Amino acid sequence: MELLSLTVNSNSLAVLQALEDGLKKADADPSVKAVMICGENGKFSAGADIRGFSSPKRHGGALGPIVSLIESSEKPVVAAIEGVALGGGLEVALGCHYRIAHVKAWMGLPEVTLGLLPGAEGTQRLPRLIGVPTALDMITTGKHIPATEALKLGLVDEIVEENTIEAAIRLANKVIGQPLGPRRLSLKPVPKVPNMEAFLREAAVKVKQQARGCLAPELCLQAVRAATETPFAEGVRRERELFRVLLSSGQAQALQYAFFAERAVHRWATPAGASWSSAAPQPVCKAAVIGLGTMGRGIVTSLVKASIPVVALEQDLEYLNKGRKAVMLLLEREAMKMEGGAQSLDFHNPARLQFTVDFDLLHDVDLVIEAVFENMALKKEIFHKLSKICKPGALLCTNTSALNIDEIASATSRPQQVIGTHFFSPAHVMRLLEIIYGRHTSPTAIATAMQLAKTLKKVGVVVGNCFGFVGNRMMFPYVQQAVFLLEEGSRPEAVDQVLEDFGFKIGPFRMSDLAGLDVGWRSRQGQGLTGPSLPAGTPARQRQGQRYSPLPDLLCEHGRFGQKTAKGWYQYEKAGGRTATPDPWLHSFLSRYRDTHGIKARFIDQEEILERCLFSLINEGFAILAEGIASGPEHLDVIYINGYGWPRHRGGPMFYASTVGLPRVLDKLQKYSEAHPDVPGLRPSAFLKKLVAVGNPPIKEWMSYLSQQSSKL
Ligand SMILES: CCCCCCCCCCCCC[C@H](O)CC(=O)SCCNC(=O)CCNC(=O)[C@H](O)C(C)(C)COP(=O)(O)OP(=O)(O)OC[C@H]1O[C@@H](n2cnc3c(N)ncnc32)[C@H](O)[C@@H]1OP(=O)(O)O
Ligand SMILES: NC(=O)c1ccc[n+]([C@@H]2O[C@H](COP(=O)([O-])OP(=O)(O)OC[C@H]3O[C@@H](n4cnc5c(N)ncnc54)[C@H](O)[C@@H]3O)[C@@H](O)[C@H]2O)c1
């Protein structure tokens, strides 16, 4: 028996060569009766080395002929799949005559998530094996499926709980001498679907809608379509052609940057020298959540899903009952989506989830997440109480969106254990967890919060403490520009359209209606920008010498809080309605507002809308980097992709700036700043200017132009 070994992410070229040499040797050796292909270290293969795609010596396309070579072997070839078989790895397995997988293995063709398509004949073989609808779903979403599902789909022939390699050898011995023709997928017809054309047309519409400007899913579909319309060899030619189109697209580069950026942020560091390499997390065996409103209920759900026992606390019984109902509803929905159902979550067991109004029950938890109203006095009162009640090592986390972590920590006797854990709404769905360290936060506290993110299957990003932290701080100038554009002549639907066409899931005005205009209104009242504490005689459109738009405040004064009141920047069918319709009332309100303030409305084109919104956000990003609030541009990008609906195929705002070219970003900001000298958000940051002055270096090198910083990419 000849054994061939594939190695996960070793040098791709070396693996390919070894594979080819091994196959040829096995074919030529009459003593070899069958071939078994397996991986090393319990993993079959994670596919091509992604870094190779952007290297000058890229080797795309070289795997397809080897997969064909495997398939055409006159000796049975069995794939022994352990760990993962992804991308090129699964394509190799599809070339094998038999596939046997460990019960805990995962399989998928995730190329689409990297802006590519399976380029080693996978788009032609998979539909022949499991049918067009399922293959199309796997290829256009890139999802990983467990071995148990792969067996049901017919993707593998057998799953085993014991030694996969031994089982594969047994299978190989059993099938020696059996005809291989029926096992060669390239010779099989694509299974028929009643009205294939209508199915593919419908699928194309769905894929286009979901892709929102991302090219890869559409081209994946075209490759699968070729499998249904042309012979195998022709389909393979089409697949290669489409692969090359994607490979050279900027989108593939952006998506691959995002892949590595999400891994780079695990290697966190602070300017004070704390880092992932030296800090160890504390175990979190039991947690508490305070406040079961919009955020708290999602956070509880997230913790329960991660099998962490939770004590959920509210201010009184009325709020507690409301919160309990909401949490139970969320958990029931989540349980329905899971294989084991409600039993696997076990949320009816008080040892796993307990509701209370009694702070004393928090005495033995390892970590508390506070999610009460955004009010500094209230938060300080709660943290003071926590520092008295909780056991000495307990971590005290706040979900504040913007407030000062140090001030909250000052209410405790243990500021080293206070940290911001900023979840995003809905907290059980959104992947981002912004982790904010204060002046006294210990490295252990940061490591524990990062570990929590991982346990909750979220992406943790460590950032410094400033108003709005990273995400919201960058969003302020973006939203501010959107509102200024309305003052100057635009409409909410025009601004939203431009940003949604760019790829955002939702434009700033639809987002504001969804989140509730009253949230920002309360915050501005708290800051003294509007409301009773505003000094008499303050100019309507100016605060501290800077331009200010009272438009959002005026809408709130009219009771227009967004979806919850059926009126905001749009009108809705009912309170809580989801369908935004342009509102003629708002249009005439804007006209009256402009007349009152002597503003002459002008036509604002798409380019100006896009540039003013995005470049002001990016400009703030450069200021954040220069202040050391985040340790690299990849942190900002991961935050925007996972928390703010930034289109992943554009790689995040800072990556996008690098593709536009920093000189152009600077030039445009200078122009807009000259036209609006009272808007500091448009004034180019010193760091951006410096990067342009040193010749627009690649994004990887940006941080080297700030002292003592280096990129994690
Ligand atoms: C049979 C072998 C074939 C190999 C030969 C290839 C020849 C080239 C021919 C090209 C023709 C096209 C072929 C094909 O269609 C194209 C592809 O295969 S594209 C790649 C598809 N694969 C993926 O997208 C898998 C990506 N990886 C993951 O999803 C995950 O990493 C994982 C494998 C599920 C493991 O997850 P975790 O355990 O959580 O670990 P991490 O994610 O943190 O990863 C650890 C470490 O590994 C790096 N890494 C992982 N996968 C790759 C990869 N495919 N290429 C390069 N590097 C990879 C990851 O970045 C981490 O390192 P760090 O960034 O932290 O330094
Ligand atoms: N809503 C969002 O989209 C969002 C996103 C990220 C962060 N945040 C932040 O999360 C926090 C909570 O926001 P939210 O939107 O969930 O608020 P919310 O108003 O929906 O809920 C707050 C909850 O806290 C409870 N509460 C108030 N005082 C309490 C006390 N003394 N003890 C126990 N519970 C008490 C209230 O009864 C209420 O149920 C805020 O700091 C907010 O800035 C909100």
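All conditions in (1) more than 30 Å from Gln451 (Cα to Cα); (2) modelled with pLDDT of 95 or more; (3) among the small types (Gly, Ala, Ser) hold for Ser275, with the sole exception of (1).
Here are some residues: Arg431, Arg439. Which one is surrounded by fewer than 21 Cβ atoms within 10 Å (Cβ to Cβ) and either away from ligand 2 (no atom under 16 Å from the Cβ) or aliphatic (A, V, I, L, M) (or both)?
Working: Arg431 fails: either away from ligand 2 (no atom under 16 Å from the Cβ) or aliphatic (A, V, I, L, M) (or both).
Residue meeting the stated conditions: Arg439.
Scanning region 485-513 for residues that are over 22 Å from the mean Cα position of the chain (by Cα) and among the small types (Gly, Ala, Ser) yields Gly489, Ser490, Ala494. Is it the case that some residue within region 127-148 is within 16 Å of ligand 1 (Cβ to nearest atom) and acidic (Asp, Glu)? Within region 127-148, not a single residue is within 16 Å of ligand 1 (Cβ to nearest atom) and acidic (Asp, Glu). Is there a residue being surrounded by fewer than 14 Cβ atoms within 10 Å (Cβ to Cβ) and acidic (Asp, Glu) anywhere in region 677-688? So far as region 677-688 goes, yes, one or more of its residues are surrounded by fewer than 14 Cβ atoms within 10 Å (Cβ to Cβ) and acidic (Asp, Glu). Filtering Gly115, Gly42, Gly95 for residues that are more than 7 Å from ligand 1 (Cβ to nearest atom) and surrounded by fewer than 20 Cβ atoms within 10 Å (Cβ to Cβ) leaves a single hit, Gly42. Within region 303-311, does at least one residue satisfy the condition of being away from ligand 2 (no atom under 11 Å from the Cβ), in contact (Cβ under 8 Å) with a residue 12 or more places away in the chain, part of a helix (DSSP H, G or I) and surrounded by 22 or more Cβ atoms within 10 Å (Cβ to Cβ)? Scanning region 303-311, I find at least one residue that is away from ligand 2 (no atom under 11 Å from the Cβ), in contact (Cβ under 8 Å) with a residue 12 or more places away in the chain, part of a helix (DSSP H, G or I) and surrounded by 22 or more Cβ atoms within 10 Å (Cβ to Cβ), so the answer is yes.
Have a look at Arg263, Arg225 and point out the one that is among the basic types (Lys, Arg), more than 16 Å from ligand 2 (Cβ to nearest atom), surrounded by fewer than 21 Cβ atoms within 10 Å (Cβ to Cβ) and more than 17 Å from Pro653 (Cβ to Cβ).
Going through Arg263, Arg225 in turn, the sole match is Arg263.
Among the residues of region 477-516, what is the count of those that are assigned to a helix (DSSP H, G or I) and either touching a strand residue (DSSP E or B) at 6+ places or on another chain (Cβ under 6 Å) or aromatic (Phe, Trp, Tyr) (or both)? Step through it out loud before you land on a result.
Filtering region 477-516 for residues assigned to a helix (DSSP H, G or I) gives 477-488, 492-502, 508-515.
Keeping just the survivors that are either touching a strand residue (DSSP E or B) at 6+ places or on another chain (Cβ under 6 Å) or aromatic (Phe, Trp, Tyr) (or both) gives 478, 484, 502, 509, 513.
Number of matching residues: 5.
Could you check, for region 67-75, whether at least one of its residues is closer than 27 Å to Leu247 by Cα, of a type outside the set (Gly, Ala, Ser) and within 8 Å of ligand 1 (Cβ to nearest atom)? No: zero hits.
For region 285-302, a tally of residues being surrounded by fewer than 22 Cβ atoms within 10 Å (Cβ to Cβ) and more than 11 Å from ligand 2 (Cβ to nearest atom) returns 2. Check region 54-61 and report whether any residue there is of a type outside the set (Asp, Glu), within 13 Å of ligand 1 (Cβ to nearest atom), within 25 Å of Ala34 (Cβ to Cβ) and in contact with a helix residue (DSSP H, G or I) (Cβ under 6 Å, 6 or more places away or on another chain). No, region 54-61 contains no residue that is of a type outside the set (Asp, Glu), within 13 Å of ligand 1 (Cβ to nearest atom), within 25 Å of Ala34 (Cβ to Cβ) and in contact with a helix residue (DSSP H, G or I) (Cβ under 6 Å, 6 or more places away or on another chain).
A single member of Ala80, Ala85, Ala34 is more than 11 Å from ligand 1 (Cβ to nearest atom), within 37 Å of the chain's Cα centre (by Cα) and at pLDDT 95 or above, and it is Ala80.
Being in a helix (DSSP H, G or I) and surrounded by fewer than 15 Cβ atoms within 10 Å (Cβ to Cβ): is that true of Glu620 here? Walk me through how you get there before you give the answer.
Values: in a helix (DSSP H, G or I): yes; surrounded by fewer than 15 Cβ atoms within 10 Å (Cβ to Cβ): no.
Here the answer is no, as Glu620 does not meet what is asked.
Note on region 362-376: among residues that are outside any loop (DSSP other than H, G, I, E, B) and within 11 Å of Ile290 (Cβ to Cβ), the one that is farthest from ligand 1 (Cβ to nearest atom) is Leu362. Restricting Pro182, Pro217, Pro146 to residues that are exposed (fewer than 14 other Cβ atoms within 10 Å of the Cβ), closer than 20 Å to Gly122 by Cα and out of contact with any Asp or Glu (no Cβ under 6 Å at 6 or more places or on another chain) narrows the list to Pro182. Flag not set for Asp513, criterion: of a type in the set (Asp, Glu) and over 20 Å from Thr294 (Cα atoms).
The values are calculated or read from the model by the stated rules, or taken from the named source; none is laboratory data. Here the structure is a predicted model, which means the values were calculated and not measured. Neighbour counts are summed over all protein chains in view; Cβ atoms, including those assigned to glycine, are modelled from backbone coordinates with ideal geometry.
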